[in-house]
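Novice: Structure incoming, see below.
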Amino acid sequence: MAHPHIVIRPYPSYVADTQDPYQFHYLIEIENLGPGPAQLLHRRWLITDANGKMLEVEGPGVVGEQPLIAEGETFRYQSGVPLDTPVGVMEGSYTLQDASGQPFEAHIAPFTLAVPHIIN
């Protein structure tokens, strides 16, 4: 059986007036196009700021959950990251497992974190 096809859509936003130099939030949508269910087991993020400083974040699940995403369903969650610079890039991957318990990777394409109007 083939692994489910997973589509990941990030929606980053800048949060003004926080204690951190630059605080960004992001909404992630994880859509399972099937076949079958998929459970998100692990996350890995690579976050790079404009100075080239890299931070790797790994751990079980997302926001304290290891959601089981049924075929045709979308799981959404919000999280955030502080940066020392007004621009940065995030990318990564999720480890999921299919209905037979086989693990597989879903890659998260790089997306930009930027203070509004800083990039033309």
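The values are calculated or read from the model by the stated rules, or taken from the named source; none is laboratory data. Just so you know, these numbers come straight off a predicted model, no measurement behind them. Every residue, glycine among them, receives a Cβ derived from its backbone with ideal geometry; neighbour counts consider all protein chains shown. Remember, those area values only see protein heavy atoms, side chains included, never the ligands or the DNA or RNA. Shrake-Rupley method; radii C 1.70, N 1.55, O 1.52, S 1.80 Å.
Novice: Do you know which of the residues in the stretch 72-85 that are open to solvent by less than 30 Å² (accessible area, probe 1.4 Å) and within 12 Å of the chain's Cα centre (by Cα) is farthest from Q19 (Cα to Cα)?
Specialist: This residue is Y77.
Novice: Can you tell me which residue in the stretch 91-109 is nearest to L55 (Cα to Cα), limited to those that are open to solvent by less than 30 Å² (accessible area, probe 1.4 Å) and over 14 Å from the mean Cα position of the chain (by Cα)?
Specialist: Only one residue tops the list, namely F104.
Novice: Any chance you could count how many residues in the stretch 10-46 are closer than 20 Å to Q66 by Cβ, outside any loop (DSSP other than H, G, I, E, B) and not small (G, A, S)?
Specialist: 15
Novice: Pairs only if they're at least six apart or on different chains, beta carbon under 9 angstrom, first in the stretch 42-55 and among the polar types (S, T, N, Q), second surrounded by fewer than 14 Cβ atoms within 10 Å (Cβ to Cβ); list them, first residue then second.
Specialist: Qualifying pairs under 9 Å: T48/M54; T48/P110; N51/D84.
Novice: Can you find a residue that is among the acidic types (D, E), modelled with pLDDT of 95 or more and surrounded by 14 or more Cβ atoms within 10 Å (Cβ to Cβ) anywhere in the stretch 64-71?
Specialist: Within the stretch 64-71, one or more residues are among the acidic types (D, E), modelled with pLDDT of 95 or more and surrounded by 14 or more Cβ atoms within 10 Å (Cβ to Cβ).
Novice: Restricting the stretch 82-107 to residues that are part of a strand (DSSP E or B) and in contact with a Pro (Cβ under 6 Å, 6 or more places away or on another chain), which is nearest to G34 (Cα to Cα)?
Specialist: Among those residues, the one meeting the criterion is Q97.
Novice: Right, something else. Anything in the stretch 1-53 that is surrounded by 17 or more Cβ atoms within 10 Å (Cβ to Cβ), within 16 Å of G80 (Cβ to Cβ) and of a type in the set (A, V, I, L, M, F, W, C)? List them, or say none.
Specialist: Result: F24, I28, W45, I47.
Novice: Criterion first (buried (at least 17 other Cβ atoms within 10 Å of the Cβ) and in contact with a strand residue (DSSP E or B) (Cβ under 7 Å, 6 or more places away or on another chain)) does G88 satisfy it?
Specialist: When the stated conditions are applied, G88 passes them.
Novice: Can you spot a residue in the stretch 49-69 that is part of a strand (DSSP E or B) and among the basic types (K, R)?
Specialist: no
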